[in-house]
1. Filter the stretch B:146-193 down to the residues that are of a type in the set (Lys, Arg) and part of a helix (DSSP H, G or I), then identify the one that is surrounded by the most Cβ atoms within 10 Å (Cβ to Cβ).
2. Given the condition under 30 Å from B:Leu68 (Cβ atoms), modelled with pLDDT of 95 or more and out of contact with any His (no Cβ under 9 Å at 6 or more places or on another chain), answer yes or no: does some residue in the stretch B:265-285 qualify?
3. Somewhere in the stretch B:46-67, is a residue touching a helix residue (DSSP H, G or I) at 6+ places or on another chain (Cβ under 8 Å) and of a type in the set (Ser, Thr, Tyr)?
4. With the structure loaded, tell me whether A:Val97 is in a loop (DSSP other than H, G, I, E, B), within 13 Å of chain B (Cβ to nearest Cβ), under 21 Å from B:Glu330 (Cα atoms) and in contact (Cβ under 8 Å) with a residue 12 or more places away in the chain or whether it fails that test.
5. Got a sec? Which of A:Asp52, A:Asp9, A:Asp27 is in contact with a strand residue (DSSP E or B) (Cβ under 7 Å, 6 or more places away or on another chain) and buried (at least 21 other Cβ atoms within 10 Å of the Cβ)?
6. Considering only residues of the stretch B:96-123 that are modelled with pLDDT of 90 or more and in contact with an Asp or Glu (Cβ under 9 Å, 6 or more places away or on another chain), which is farthest from the other protein chains (Cβ to nearest Cβ)?
7. Got at least one residue in the stretch B:1-13 being hydroxyl-bearing (Ser, Thr, Tyr) and modelled with pLDDT under 95?
8. From the list A:Pro46, A:Pro74, which residue is facing another protein chain (nearest Cβ under 8 Å), within 25 Å of A:Met1 (Cβ to Cβ) and not in a helix (DSSP H, G or I)?
Amino acid sequence: MAKILVVDDDAAIRQLLTDVLEMDGHDVHVAVDGHDGVRAFEVIRPDFVVLDVMMPGLDGYGVLRSIRGQDCDPVPVLMLTAAADSGSAARGWADGVDYYLAKPFTAEEVLYLIEGVLGHRIPVADAPAGGDHTSGDEPAGSF
Amino acid sequence: MTTARVLFVDDEPRILDGIRRSLRGKRREWDMAFAPGGEDALELLAGSAFDVVVSDMRMPGIDGAELLTRVSERHPEVARVVLSGHTEPAAAIKVALAGHRFLTKPTETEALVSVIEELVVRTSRGHGGLARRIAGATRALPALPQQKAKLDALLAAPQVDLAGLVHAVGHDTSLTAKLLQLSNWGFFGARPRNTSVAAVVNTVGVPTIQALVAASEGLWSAVTWQPAAEESALAAWRHAIACAALVDDVASPAHRPHAHAAAVLQDIGRLMGVGGGPTAADPAADAHRAGDPGGVPYREIGVELLHLWGLPSPIVAAVAERDTAHRPAESGLAVTGAVRAAHLLIQRTESRDPADGAHSDELRLLLAHPQLAAQSVDWARAADEASAQAGRWLGIET
């Protein structure tokens, strides 16, 4: 379980993400705009932030700058941007986001990214293609 | 559903009963055995096969640290979980080397179940059993003579240069793995997320690092490196250090600590089972050391070790996929993509053949990703600089 902060002025997106992330066992907090997001970040100290770019008042970049300016281990930030706005993606990367998703996105995509950084996916050590070793038929788990 | 054969060891009947009760729901899936002490546990282990042993630390007779040390020697395929209320400071280092995973009492049943279920999984598809035995026998990793010299010089100084130590430990494969294992399992207190080795060193302090280095070196004092093995391990280490410096620029801020660690750990398998060690009694492991082409690839052994030790999964995944072609997701390079990009860039820099175009299409695609394109960095030059810097640090100018 992780503490996740969703910062978005769009109530429908806040609700969608809250439902899906809570179903997955996460502790979800929401903020309704940029200033609210900065305040919530300081109080909640989340493990992951989902951040909309376009918000009235303080926008997503402003929130990101404030988050990155804090003296703590960097928290993963996923930025949500309008699809047509490719300039904003470039700016987000330059400002130090960790993930970027263009709208429309699915809640499953968000969940997948959160799991990737905070979860426990056990990798399978596959032999690289064209490797110089033999690979037996021994099933995993037997010896 | 996982079939697990699990042995629980505790001298307090009340605790064993508690575990038995809380895991009632698992009794159709798991074969569970319960031993009231180290001696009984060793007898049970000698009599039948287990996947996981979960042991208390403070016990009369053979205590937990001694039990798990013996299990690592006699039954390296058995994953070792420490379930402890309190560890005597004097035994802490022995416990730190003997255990794979660490849980504190009281522990949530859910946490215990998920640790056991993870440990039943073997990451190597082709060599599950042998990779588990080689990785399982490894309590600490040997240091290259150059690595040892650097750390010894730093730690022997009357006033330890903390910044220098942080830098050296952050470049050291063995200590990076051990410190991230211990910190990720709350061995040093709170369990941090996304933490860097530098932060761990600053938290635990010099005496702990000194004790860990001394204990690890104690395990490997008899190792003499074969010249060819030492040369290839040194080249791999230089590559790892160069990648780690470069990936600090490639990875995004929250992925940086994991990406840096994955770069340092990318060839950890090369340090394992080298030159005779704890697995000397295992003929199959001997064949691996002799470079038997039918043996287990280094990468698979290294990944199995990182998995057993329970390092953060983004690190383990990036090491597992270092040699796998990466198609960057629009959502970002994350840890695996950043490490793969740094690896390919450094490989190109190190290539003796300027016309070597291996993976050039993949690299072009990675560098064109908005995450990297948004930074106005000349990546080829950055790679050259990182490689030269690594050479200078190791004292092997080229």
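The values are calculated or read from the model by the stated rules, or taken from the named source; none is laboratory data. Please read all numbers here as calculations on a predicted model, not as lab measurements. Neighbour counts are summed over all protein chains in view; Cβ atoms, including those assigned to glycine, are modelled from backbone coordinates with ideal geometry.
1. By that ranking, first place goes to B:Lys178.
2. Yes, the stretch B:265-285 has at least one match.
3. Within the stretch B:46-67, one or more residues are touching a helix residue (DSSP H, G or I) at 6+ places or on another chain (Cβ under 8 Å) and of a type in the set (Ser, Thr, Tyr).
4. Judged against the criteria, A:Val97 is a match.
5. A:Asp52
6. So, considering only residues that are modelled with pLDDT of 90 or more and in contact with an Asp or Glu (Cβ under 9 Å, 6 or more places away or on another chain), the one farthest from the other protein chains (Cβ to nearest Cβ) is B:Ala98.
7. The answer is yes; a qualifying residue exists.
8. None of the others qualify; the one that does is A:Pro74.
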